[in-house]
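*Asks:* Before we start, here is the structure in question, set down as structure tokens.
Derivation of every value follows stated rules applied to the coordinates shown; laboratory data play no part. Worth saying up front: this structure is predicted, and the values here are computed from it rather than measured. All Cβ positions, glycine included, derive from the backbone under ideal geometry; neighbour counts span all protein chains shown.
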Amino acid sequence: MRPKEVLQQWVELFNQYDFEGLAELYAEECTNHQTPNGIVSGKENIKQMFKQEFEQFEMVCIVENIFEDGNVGMLEWKDPKGLRGCGFFWIENDKIIYQRGYWDKLSFINQQAK
């Protein structure tokens, strides 16, 4: 699959709160670095991260743009409450091996409180 196709699947599963399906998009030895939160390594740990976040927070990913360059997919997103961010996904053999996300944690926390 092309990176764009992996990201389209990722968004669909994210919006369904399907933490198990999301985990299947990641390689066993992978890293997810959400810059506001830190680094999570390993497929099982990433699965647990998504499970906990879906239980705690109301989140929706609305795609603004998806780009790709070689094996890297770039996702620019927003949510219904106005939060915006972007993610970069390095993909090998149709699996995410590294992800880095940028978004404003203070804005996210303030939105979740409302």
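*Asks:* What number, rounded to the nearest 500 deg cm²/dmol, is the helix-based mean residue ellipticity at 222 nm of the chain, given -39500 (n - 2.57) per DSSP H run of at least four residues and division by all its residues?
*Replies:* -10500 deg cm²/dmol
*Asks:* Could you work out the relative contact order of the chain, using alpha carbon pairs under 8 angstrom and six or more residues apart, expressed as a whole percent?
*Replies:* Reported relative contact order: 27 percent.
*Asks:* Among Met49, Pro36, Asn65, whose Cα projects farthest towards the positive end of the dipole of region 28-72, with charges put on the beta-carbon of Lys, Arg (+1) and Asp, Glu (-1)?
*Replies:* Of the listed residues, the answer is Met49.
*Asks:* Okay, moving on. List every residue whose amide H lies under 5 Å from the amide H of Lys81, counting only residues 5 or more places away in sequence or on a different chain, with H placed 1.01 Å from N in the peptide plane.
*Replies:* Long-range HN contacts for Lys81: none found.
*Asks:* How long is the gain from Arg2 to Glu44 if the chain were fully straight, where each residue apart is worth 0.36 nm and the alpha carbon distance is subtracted?
*Replies:* Here the answer is 12.7 nm.
*Asks:* A 20 angstrom limit on the alpha carbon distance is what I want to check against. Which of Lys78/Lys105; Lys43/Lys95; Lys43/Lys78; Lys81/Lys105 exceed it?
*Replies:* In this structure, Lys43/Lys78 exceed 20 Å between Cα atoms.
*Asks:* For Asp104, which sequence-distant residues (separation of 5 or more, or a different chain) have an amide H within less than 5 Å of its own amide H, given hydrogens modelled in the peptide plane?
*Replies:* Counting only residues 5 or more places away or on other chains, the set is Arg84.
*Asks:* Could you work out which residue, out of Lys43, Lys81, Lys95, moves most in a Gaussian network model of the chain, that is, has the largest mean-square fluctuation with Cα springs under 10 Å?
*Replies:* Evaluated over the chain, the most mobile residue of the options is Lys81.
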